[in-house]
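What follows is calculated from the coordinates using simple rules that are stated; it is not laboratory data. Please read all numbers here as calculations on a predicted model, not as lab measurements. For neighbour counting, all protein chains shown are included, and Cβ atoms are generated from backbone atoms with ideal geometry for every residue, glycine included.
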Amino acid sequence: QQRAEARLFQEQRRYQATLRQASYGMGRIKDLKRLLNLIVHIVTRTVGLEHSSVYINDQGAKSYRLGASRSRSVRFHTAEQIENSSPLIEQLKSSRNPVVCEEIKQRTQDYGDHKLARLETVLNELDAAVVVPSFIDDNLIAFLVLGRKASSRLYSDEDLVVFSILANQAALAIENALFYDDVKKTHEQLYRAEKMATIGTMADGLSHQINNRL
């Protein structure tokens, strides 16, 4: 039993160290889609999850849209967006801590709270074992939806700490990628405007030359 526990702890420390290293390297990725795909790929493969997803804030739609997902099963499907009014979003914003499905189920049974029951329903629909929020100041930028471990082992407190570090680093990386994307779009718009202005100047000059000839 001691050898089995030692091996388990060694495995946990290994993937926790990998996640820490990955979290500090995400800020160098400027492409948002690539960043989101990398996050779910690393989490799913390193920890050995059945699936994982990342949702990011879509202010225009007043919801959180699916940014990327990865699963060991080709039949896995998850929600494309989650409204701001969802019990899950309310819970993440109020607690600012990871939401553990087993804890919510236990509290629902113990207290019979209708609000907790609705939250449990949302977690079941997402097939989520843990949901980890990504905050910048008071803004919920994104959140990670983590499925069960393929080994059927439960998430430890150390796991939740490491995932919280990863989620906070992901929030900074996502904000940087969004800023870079906005700057890129602005440059493209300025380039197109400058190009159209140049074409307009050329057209005026050409029109003037034609009129002179006539």
Next on the checklist: Net charge within 13 Å of residue 109 by Cβ-Cβ distance, Lys/Arg positive one each and Asp/Glu negative one each, not counting residue 109 itself?
Outcome noted: -3
Checklist outcome for this item: Under the rule rounded for a/c under 1.5, else prolate if a/b exceeds b/c, else oblate, using alpha carbon gyration tensor axes a ≥ b ≥ c, segment 102-159 is classed as oblate
Checklist entry - So which of 30/115; 30/62; 33/115; 93/149 end up more than 31 Å apart, counting from Cα to Cα? => result 30/115; 33/115
Next on the checklist: Just to confirm a number: summing +1 for Lys and Arg and -1 for Asp and Glu over residues other than residue 100 whose beta-carbon lies under 15 angstrom from that of residue 100, what do you get?
Outcome noted: -2
Checklist entry - Under 5 Å between amide H atoms, partner at least 5 residues away or on a different chain: which partners does residue 150 have, H built in plane at 1.01 Å? => result 49, 50
Item to check | Relative contact order (percent, whole number), segment 40-177, Cα cutoff 8 Å, 6+ residue spacing | outcome: 25
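Please identify every one of the chymotrypsin sites (Phe, Trp or Tyr not before Pro) in segment 65-166 that sits in a loop by DSSP and has no more than 11 other beta carbons within 10 Å of its own beta carbon.
Answer by residue number: there is no such site.
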